[in-house]
C-alpha cells in the first residue's frame with residue numbers, strides 16, 4: 001500500500017502535502033457542480049493552498065498530460081479490440097475525456113501542489 005509520509009499518499013488521497021491530515025478539496029470528486037472547490041488552507045496545520053492568484057496555472061499542463069493519456073488509452077483499447085470507424089474513436093474519446101474531468105482536475109492540482117510543498121511530520125520543524 002501507499003504509506004503516509006510519501007508524496008504519492010498525499011496525491012492519491014488528496015491530502016495536505018505538509019501534514020497529510022487535512023483535505024485539499026471541500027467536496028467529493030463527482031459532486032458535479034462543486035468538484036473544483038478547494039479549501040483555502042489546511043484545517044490541521046494551516047498551510048495555505050495556492051499562495052498566489054495564478055498558482056495552479058501549472059496544473060493545467062499536468063491535466064493536459066492526463067487527458068492525452070486517456071485519449072491514447074481509449075484509442076489503443078478500441079484499436080486492439082474492435083477497430084471501429086473513425087467517428088466511434090472521436091465519440092468514445094470525447095466521452096471518456098469529459099467523464100474524467102473532475103478526476104483529472106483534482107489529480108493535477110494535487111500533483112502540482114506536491115511539487116512545491118514538502119511533507120513535515122508533526123514535531124519536526
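Quick rundown of the values:
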quantity	calculated
Where a residue in the stretch 83-99 is at negative phi and in contact (Cβ under 8 Å) with a residue 40 or more places away in the chain and its partner, wherever it lies, is part of a helix (DSSP H, G or I) and loosely packed, with under 12 Cβ neighbours inside 10 Å, with Cβ under 9 Å and at least six apart	none
Positions within the stretch 46-56 being in a loop (DSSP other than H, G, I, E, B) and either in contact with a strand residue (DSSP E or B) (Cβ under 6 Å, 6 or more places away or on another chain) or loosely packed, with under 13 Cβ neighbours inside 10 Å (or both), in sequence order	46, 49, 51, 52, 53, 54
Members of the stretch 102-117 that are closer than 13 Å to residue 66 by Cβ and buried (at least 16 other Cβ atoms within 10 Å of the Cβ)	102, 104, 105, 106, 107, 108, 109, 110, 111, 112
Candidates 43, 73, 65, 59, filtered to the one that is over 20 Å from residue 94 (Cα atoms) and in a helix (DSSP H, G or I)	59
Test: residue 71 is over 22 Å from residue 6 (Cβ atoms), at pLDDT 90 or above and touching a helix residue (DSSP H, G or I) at 6+ places or on another chain (Cβ under 8 Å)	yes
Single unsatisfied condition, residue 17 versus (1) within 30 Å of residue 122 (Cα to Cα); (2) free of Cβ contacts under 8 Å to residues at least 12 places away in the same chain	(2)
Yes/no for residue 28 being within 19 Å of the chain's Cα centre (by Cα) and either surrounded by 15 or more Cβ atoms within 10 Å (Cβ to Cβ) or part of a helix (DSSP H, G or I) (or both)	no
Subset of the stretch 100-125 [free of Cβ contacts under 8 Å to residues at least 60 places away in the same chain, in contact with a helix residue (DSSP H, G or I) (Cβ under 8 Å, 6 or more places away or on another chain) and in a loop (DSSP other than H, G, I, E, B)]	100
The stretch 22-42 residues that are at pLDDT below 85, paired with ones that are not in a loop (DSSP other than H, G, I, E, B) (beta carbon under 8 Å, 6 or more apart)	29/102; 29/103; 29/106; 30/102; 32/102
Residue in the stretch 8-16 that is more than 19 Å from residue 118 (Cβ to Cβ) and either exposed (fewer than 15 other Cβ atoms within 10 Å of the Cβ) or touching a helix residue (DSSP H, G or I) at 6+ places or on another chain (Cβ under 7 Å) (or both) present	no
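The values are calculated or read from the model by the stated rules, or taken from the named source; none is laboratory data. This structure is a prediction, so every number in the text was calculated from the model and none was measured. Backbone-built Cβ (ideal geometry, glycine too); neighbour counts: all protein chains shown.
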